[in-house]
Amino acid sequence: MSSTSPLPLILSLPLAVGTGLAIPVQGRITGALGAELDDGLAAAVVSFSVGLAVMVVVTLVLPGGRAGVRRIAPALRERRFPRWYLLAGCLGAFMVLSQGLTVSQIGIALFIVATVAGTSLSGLLVDRMGLGPAGRRAITARRVASAALTLVAVAWAASPTFSVEAGGLWLLLVLLPLAAGFLRSFQQAMNGTATVHYGTPLTATLINFAAGSLALWTAWLVKVALVGTGNPLPSEWWYYLAGPMGCVFVVFANILVRSLGVLLAGIGMIAGQLLGSLALDAWFPVPGTLLAPATVLGTLLAMAALLLATVPAPRWTAGLRSRAAAPSGTAPARRR
């Protein structure tokens, strides 16, 4: 089986949920490292740099990884996809940066709900523009309603943490993951298209981490030149697991999209993210985390909004739409 061959349904569905669970764990680790270093940007640099090192080793060891690297130049030379798709990793870098800056302040549950809302909104735009390997897709009323419902879910989940005194800072802390989630749909579409032409998700993931690392290192060096460095790196090993977890997510996300399709793979991974974030804040809370009933209910509402967009409409509604679209004076064909 090649690295891009579809997986059986009985394996791919639980794998999608498990892949989604990696994101809240990664976010919690990056947020903790940002608090430890007193520098969220440095935490993102560490996460992406470790992830890049992992992908370099994996690419060199696996024959499929080496073959994918050899396909990069022909794909770019023949313009099989826009060259700016190589910058998809910069969008992922912004996601990791927002983790380092906000998770320790607002909790992982609210962070994940905000990113899910952003992804739902941008998914409409990405599908309409046809940036992903599936091409252009129509915007339906159900998907618009789902995106609006996710915004309501974010407001509900965030309401317990809002304070009038810190209104400006609170708004910034929520808007950062919202913007990161908005950009994630573009990143996944760009990576998915590149994976088709590389023949393996390993190469797309390698370039993703290379571009993101370059962007983050550049920003961090500018910051150091202006204000200096933060605290030294911690000695605990688990602070450095966020990068490998990001590798796992990007690689398996590309595989699962081929096995399940974009919609079903997305619902499985986001379900894992939402449920995992609630579990972390409930069982392993960090100082300042507030897991109120509104946060739980807002998270469940976000999952309901996702189901609204992905579960197929009943057959009788499709019949109504086809009859409405038929020219006047014609009758729908009888089923034999």
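What to note about this one:
- Residues that are open to solvent by less than 20 Å² (accessible area, probe 1.4 Å) and hydrophobic (A, V, I, L, M, F, W, C) were ranked within segment 236-248; the one that is modelled with the lowest pLDDT is 247.
- Single match in 192, 266 (criterion: within 16 Å of residue 87 (Cβ to Cβ), crowded, with 22+ Cβ neighbours inside 10 Å and modelled with pLDDT under 85): 192
- Residue 122 modelled with pLDDT of 85 or more, among the hydroxyl-bearing types (Ser, Thr, Tyr), within 17 Å of the chain's Cα centre (by Cα) and closer than 17 Å to residue 179 by Cβ: no
- Qualifying residue in segment 62-76 (condition: surrounded by fewer than 17 Cβ atoms within 10 Å (Cβ to Cβ), free of Cβ contacts under 8 Å to residues at least 60 places away in the same chain and charged (D, E, K, R)): yes
- Scanning segment 221-235 for residues that are hydrophobic (A, V, I, L, M, F, W, C), part of a helix (DSSP H, G or I) and open to solvent by 50 Å² or more (accessible area, probe 1.4 Å) turns up 221, 222, 225, 226, 227.
- The one condition from (1) open to solvent by 60 Å² or more (accessible area, probe 1.4 Å); (2) within 27 Å of residue 200 (Cβ to Cβ); (3) part of a helix (DSSP H, G or I) that residue 101 does not meet is (2).
- In segment 125-142, the residues that are outside any loop (DSSP other than H, G, I, E, B), at pLDDT below 75 and buried (at least 19 other Cβ atoms within 10 Å of the Cβ): 127
- The number of residues in segment 70-98 being of a type outside the set (D, E, K, R) and in a loop (DSSP other than H, G, I, E, B) comes to 2.
- Residues within segment 11-30 that are over 16 Å from the mean Cα position of the chain (by Cα) and at pLDDT 75 or above, tallied: 4
- Among (1) at pLDDT below 90; (2) of a type in the set (Ser, Thr, Tyr); (3) assigned to a helix (DSSP H, G or I), the one test that residue 59 misses: (1)
- Neighbours by Cβ (under 6 Å, 6+ apart or cross-chain): first from segment 195-208, assigned to a helix (DSSP H, G or I); second among the small types (Gly, Ala, Ser) and surrounded by fewer than 24 Cβ atoms within 10 Å (Cβ to Cβ): 197/75; 202/65
- All told, residue 147 falls short of being in contact (Cβ under 8 Å) with a residue 24 or more places away in the chain and within 28 Å of residue 81 (Cα to Cα).
The values are calculated or read from the model by the stated rules, or taken from the named source; none is laboratory data. Since the structure is predicted, the reported quantities are computational estimates derived from the model, not experimental observations. Reconstructed Cβ throughout: ideal geometry from the backbone, glycine too, with neighbour counts over all protein chains shown. Just the protein is used for accessible areas: all its heavy atoms, side chains included, with ligands, DNA and RNA removed. Shrake-Rupley method; radii C 1.70, N 1.55, O 1.52, S 1.80 Å.
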